[in-house]
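Report on the structure given below.
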Amino acid sequence: MAIITLTTDFGHKDHFVGAIKGTILNNLPDVNIVDISHEINPFNIQECAYILKNAYRSFPQGSVHIVGVDSEESPENRHIAVQVDGHYFVSANNGVISLITSEIKPEKIVEISIPDIRPSSFPVLDVFVQVACHISRGGTLEVIGKSFDALKELREFEPRISNNGKTITGNVVYIDNYGNVITNIQKSLFEAYRNGRDFEVIARTNKITAIHNSYNGIINFNLEKGQRRGPGDALALFNSTGYIELAIYKSDLNTVGGASTLLGLNYRDTVTINFL
């Protein structure tokens, strides 16, 4: 069965998601439509890329992923379809694909060119759905576009190495439902520069000197409960996607708060690692 996924910043209040799904089903009644997320913050390319990059690999190869974030076409934001890692992505050339494919070279990229399609304020419906359905039927990319080699890259989101390899400076790229703060510093980069040295993770006025592999790694279960660190304490960990994450153990944004509020961290804020 064909699979089409949807990742957008449309939310659920308006008609957009329903119209997209209805149009897909009119074209492919047996297709399996999967919502990855419709709660991307508006026009947040980095957040979209983080979520989609860490979700698409769980789908069967051949799946088609519609990316409905900053999708309006312009001379600087062309519509593209990309084949990479056995999957297909239909998106605008706004940087999201380069972030998703930062470690894997795309096999094929085309600029979408469909006859009789007029400029639209809803290109996800009027363009992306047509392309996704075409691919899901077994159609080739060459039919819906011409070869394209100008994939937009967002260099500003790459961690920076300084101080002769003693400092890694990264940024907050995502804040999850618990208020946990995800940076763009990968475990592989951290380990490549650590060389066995002690370190400190600096986020605003907060300093953390250990990075765990799980949330409860902060707890020393050999101590009596009253002596342990636990709920409400800040920690750093390598999360399931391989990035350094800052969290408050057992946080709740609706009550006590999470790392984003308690540590005062927002999207794009700086997080620094100093090797000592």
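The values are calculated or read from the model by the stated rules, or taken from the named source; none is laboratory data. Bear in mind the structure is a predicted one, so any value in this text is a computation, not a measurement. Note that each Cβ is placed from the backbone with ideal geometry, even for glycine, and that neighbours are counted across all protein chains shown.
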Q | Flag for N171 being under 30 Å from N94 (Cβ atoms), in contact with a Lys or Arg (Cβ under 6 Å, 6 or more places away or on another chain), polar (S, T, N, Q) and buried (at least 17 other Cβ atoms within 10 Å of the Cβ) | A | yes
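Residue by residue through region 45-69, note down the ones that are within 13 Å of F128 (Cβ to Cβ) and in contact with an Asp or Glu (Cβ under 8 Å, 6 or more places away or on another chain). Lay out the reasoning, then the answer.
Restricting attention to region 45-69, the residues satisfying the condition of being within 13 Å of F128 (Cβ to Cβ) are 64-69.
Hits for region 45-69 are G68, V69.
Can you tell me which residue within region 95-111, out of those that are charged (D, E, K, R) and exposed (fewer than 15 other Cβ atoms within 10 Å of the Cβ), is nearest to the chain's Cα centre (by Cα)?
Initially, region 95-111 is screened for residues charged (D, E, K, R), giving 103, 105, 107-108, 111.
With exposed (fewer than 15 other Cβ atoms within 10 Å of the Cβ) added as a condition, the list becomes 103, 105, 107.
Working: E103: 14, K105: 17, E107: 21 Å.
Residue satisfying both the conditions and the ranking: E103.
Every residue, every condition in (1) out of contact with any helix residue (DSSP H, G or I) (no Cβ under 9 Å at 6 or more places or on another chain); (2) modelled with pLDDT of 95 or more, yes or no:
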position: G230; (1), (2): no, no
position: D233; (1), (2): no, no
position: L237; (1), (2): no, yes
position: K250; (1), (2): no, no
position: T255; (1), (2): yes, no
position: A259; (1), (2): yes, no
position: Y267; (1), (2): no, no
position: T270; (1), (2): yes, yes
position: F275; (1), (2): no, yes
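Right, S136: in the same structural domain as H38 (by TED's automatic domain parsing) and modelled with pLDDT under 95 or not?
On the way: in the same structural domain as H38 (by TED's automatic domain parsing): yes; modelled with pLDDT under 95: no.
So S136 fails the test.
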Q) Within the group Q46, Q61, which residue is in the same structural domain as S121 (by TED's automatic domain parsing) and touching a Phe, Trp or Tyr at 6+ places or on another chain (Cβ under 8 Å)? A) Q46
Q. Out of (1) crowded, with 18+ Cβ neighbours inside 10 Å; (2) not in a loop (DSSP other than H, G, I, E, B), what's the single condition that is false for D126?
A. (1)
Q. Among the residues of region 7-32, which ones are buried (at least 17 other Cβ atoms within 10 Å of the Cβ) and under 21 Å from the mean Cα position of the chain (by Cα)?
A. T7, T8, D9, F10, V17
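Could you check region 140-192 and list, in sequence order, the residues that are assigned to a helix (DSSP H, G or I) and either at pLDDT 95 or above or more than 30 Å from K250 (Cα to Cα) (or both)? Steps first, please.
Taking region 140-192 as the starting set, the residues that turn out to be assigned to a helix (DSSP H, G or I) are 141-144, 155-157, 187-192.
Scanning region 140-192 gives L141, E142, V143, I144, R155, E156, K187, S188, L189, F190, E191, A192.
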Q.
For the list (1) hydroxyl-bearing (S, T, Y); (2) in a strand (DSSP E or B); (3) free of Cβ contacts under 8 Å to residues at least 24 places away in the same chain, I need the number of the one condition that T255 fails.
A. (2)
Q: Within region 62-74, identify whether any single residue is part of a loop (DSSP other than H, G, I, E, B) and surrounded by fewer than 16 Cβ atoms within 10 Å (Cβ to Cβ), and answer yes or no.
A: yes
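Would you confirm whether or not region 103-123 contains a residue that is of a type in the set (D, E, K, R), assigned to a loop (DSSP other than H, G, I, E, B), under 30 Å from S260 (Cβ atoms) and modelled with pLDDT of 95 or more? Talk me through it step by step, then tell me what you get.
Looking only at region 103-123, we keep the residues that are of a type in the set (D, E, K, R), and these are 103, 105, 107-108, 111, 116, 118.
Now drop any that are not assigned to a loop (DSSP other than H, G, I, E, B), which leaves 103, 105, 107, 116, 118.
Applying the additional criterion that residues be under 30 Å from S260 (Cβ atoms) yields 103.
Then drop every residue that is not modelled with pLDDT of 95 or more, which leaves none.
Scanning region 103-123 turns up no residue that is of a type in the set (D, E, K, R), assigned to a loop (DSSP other than H, G, I, E, B), under 30 Å from S260 (Cβ atoms) and modelled with pLDDT of 95 or more.
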Q.
Conditions first: (1) at pLDDT 95 or above; (2) over 23 Å from the mean Cα position of the chain (by Cα); (3) buried (at least 18 other Cβ atoms within 10 Å of the Cβ). I219 passes all but one, so which condition is the exception?
A. (1)
